[in-house]
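Colleague: The structure follows.
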Amino acid sequence: MFQVNGDDLLRALKKFKSLAKQDLLTSELTSDPTFWQTHAEARRTEYTRLINLIENSGVEKACVYALRAYKAHQLCVDSEKTGEQKGSEQAIKLFFQIIGLSPEDLKRMGEQKEEAKDFTVNSSFYNEYQLSQEQI
């Protein structure tokens, strides 16, 4: 079971999306405006995508999408990531923090293969993830 309900999750994502818009507006005041603009735009895009998934398909499908996106981000070397990649990754990580998944659990899940049958972390999220995988 998730530690936040869907309505609370939507409210949190909408607040983060608003913060990303503020960051977008102030990006030109930074030492690297292009990087921070693309970083903020990527965060807004991810929050919009997650909000739409939750509203149209439910929290579980949003979690499946987020885990797949997180795993894709882990394939890139941090020093080679663009502002867009870093912004997207930050949004995904914040999504998982909102639903109560610890950074340690997220890291372990990111290291698992797509069909991780032997995952042993005490995380209710993983049970929900497994159920949503069966529904897709």
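The values are calculated or read from the model by the stated rules, or taken from the named source; none is laboratory data. Fair warning: this is a prediction, and the values are worked out from it, not measured in the lab. As a convention, Cβ positions derive from the backbone with ideal geometry for all residues, glycine included, and neighbour counts pool all protein chains shown.
Colleague: Can you say whether residue 2 is under 20 Å from residue 98 (Cα atoms) and at pLDDT below 95, as far as the supplied structure shows?
Modeller: It is true that residue 2 is under 20 Å from residue 98 (Cα atoms) and at pLDDT below 95.
Colleague: Which condition breaks for residue 96 when tested against (1) in contact with a Ser or Thr (Cβ under 7 Å, 6 or more places away or on another chain); (2) touching a residue at least 24 places away in the same chain (Cβ under 8 Å)?
Modeller: Of everything listed in (1) in contact with a Ser or Thr (Cβ under 7 Å, 6 or more places away or on another chain); (2) touching a residue at least 24 places away in the same chain (Cβ under 8 Å), residue 96 misses just condition (1).
Colleague: Could you please give the count of residues in the stretch 54-73 that are surrounded by 18 or more Cβ atoms within 10 Å (Cβ to Cβ), over 11 Å from the mean Cα position of the chain (by Cα) and over 18 Å from residue 18 (Cα atoms)?
Modeller: So the count comes out to 2.
Colleague: Okay, moving on. Please find, among 120, 82, 38, 48, the residue that is surrounded by 13 or more Cβ atoms within 10 Å (Cβ to Cβ) and at pLDDT below 95.
Modeller: Being surrounded by 13 or more Cβ atoms within 10 Å (Cβ to Cβ) and at pLDDT below 95 holds for just one of 120, 82, 38, 48, which is 82.
Colleague: All but one of (1) in a helix (DSSP H, G or I); (2) surrounded by 18 or more Cβ atoms within 10 Å (Cβ to Cβ); (3) at pLDDT 50 or above hold for residue 126; which doesn't?
Modeller: Condition not satisfied by residue 126: (3).
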